[in-house]
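Worksheet: the structure to be examined is printed underneath.
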Amino acid sequence: MNGQGKPSLDRQVCDSCGLCARVCREDALKVVGLEMSVDEVIAEVEKDRVFYRRSGGGMTVGGGEPLTQYRFTAELLEAAQGIYLHTGLETCAHAPWEHFEAVLKHVDLLQIDLKHMDLVRHRELTGQSNEMIVGNLRRVLSVKSPQDVIVRIPVIPGCNDSAESIKDMARFVAGLGFRQIELIPYHRLGVSKYAQYGMVYSLVGSDATPQTHIDDLRKMVTDFGLTEMTGRI
């Protein structure tokens, strides 16, 4: 129980074994997620094939970060292509190139994130340098066509939403030969999830990015010859 007399879970001592969920009589706790084989995932995806035929869609692997399990991701995407499904990958690209390249061989549409060009600021915001990400971006077009890649920028208030920051990223992306970019406005949908997991939400007080500001930034990136893929998330 917490200080307010309500049930609480101490995630500092939780080892995610799932035993508490199994014995909870009120069904208040549930284990979300399953360990599945490639064949089992494909079987689930196949259930919706009729919708893919109508929409022209397919299977997109996202996360978390799918490149942390790059062997499984590569095998899964290869299996999807083997049954003639369009494949997509959403990634932050923070992985060794040889891991990334192994997955890219089986990707029809790549959506790759870029958050900041400044190495120091990127580390402050994410806890990681952007060197590996930038290096991978420099190599992507050696194996993918520009029309098969969308570079996505999450626009976060006070972090990377200045005109200077967006221009720096757009200039870099256009200079490498990419053609498509997407600005993703900040939203507050993650606030409750942070509270649920006992994590500190560092952007408390930040409001959703005003549409007028997003429109101004979109105009900036198109000035670099990039197509802004509005609404494609």
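Points to keep in mind about this one:
- Out of ALA21, ALA102, sole residue that is more than 23 Å from the chain's Cα centre (by Cα) and in a helix (DSSP H, G or I): ALA21
- Tally, over the range 40-66, of residues that are over 19 Å from CYS92 (Cβ atoms) and among the small types (Gly, Ala, Ser): 5
- Any hit, the range 187-204, residues being in contact (Cβ under 8 Å) with a residue 24 or more places away in the chain, touching a helix residue (DSSP H, G or I) at 6+ places or on another chain (Cβ under 9 Å) and surrounded by 16 or more Cβ atoms within 10 Å (Cβ to Cβ): no
- Scanning the range 176-184 for any residue that is among the hydrophobic types (A, V, I, L, M, F, W, C), in contact with an Asp or Glu (Cβ under 7 Å, 6 or more places away or on another chain) and modelled with pLDDT of 95 or more turns up at least one such residue.
Conditions tested, residue by residue: (1) farther than 30 Å from GLY127 by Cβ; (2) assigned to a loop (DSSP other than H, G, I, E, B); (3) within 22 Å of the chain's Cα centre (by Cα).
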{"site": "LYS30", "(1), (2), (3)": "no, yes, no"}
{"site": "PHE51", "(1), (2), (3)": "yes, no, no"}
{"site": "GLY63", "(1), (2), (3)": "no, yes, yes"}
{"site": "LEU67", "(1), (2), (3)": "no, no, yes"}
{"site": "ARG71", "(1), (2), (3)": "no, no, yes"}
{"site": "GLU78", "(1), (2), (3)": "yes, no, yes"}
{"site": "GLU90", "(1), (2), (3)": "no, no, yes"}
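- Criterion (exposed (fewer than 11 other Cβ atoms within 10 Å of the Cβ), more than 27 Å from ASP168 (Cβ to Cβ) and hydrophobic (A, V, I, L, M, F, W, C)) met by exactly one of ALA74, ALA28, ALA80: ALA28
- Pick from the range 140-158, criterion closer than 21 Å to PHE178 by Cα and in contact with an Asp or Glu (Cβ under 8 Å, 6 or more places away or on another chain), ranking: surrounded by the fewest Cβ atoms within 10 Å (Cβ to Cβ): VAL143
- Residues of the range 112-134 satisfying the condition of being surrounded by 14 or more Cβ atoms within 10 Å (Cβ to Cβ), more than 15 Å from the chain's Cα centre (by Cα) and part of a helix (DSSP H, G or I): ARG121, HIS122, ARG123, LEU125, MET132, VAL134
- The range 83-101, residues that are surrounded by 19 or more Cβ atoms within 10 Å (Cβ to Cβ) and in contact with a Leu (Cβ under 7 Å, 6 or more places away or on another chain): THR87, GLY88, LEU89, THR91, ALA93, ALA95, PHE100
The values are calculated or read from the model by the stated rules, or taken from the named source; none is laboratory data. Everything numeric in this text was worked out from a predicted model, so none of it was measured. Virtual Cβ from ideal backbone geometry, glycine too; neighbours counted across all protein chains shown.
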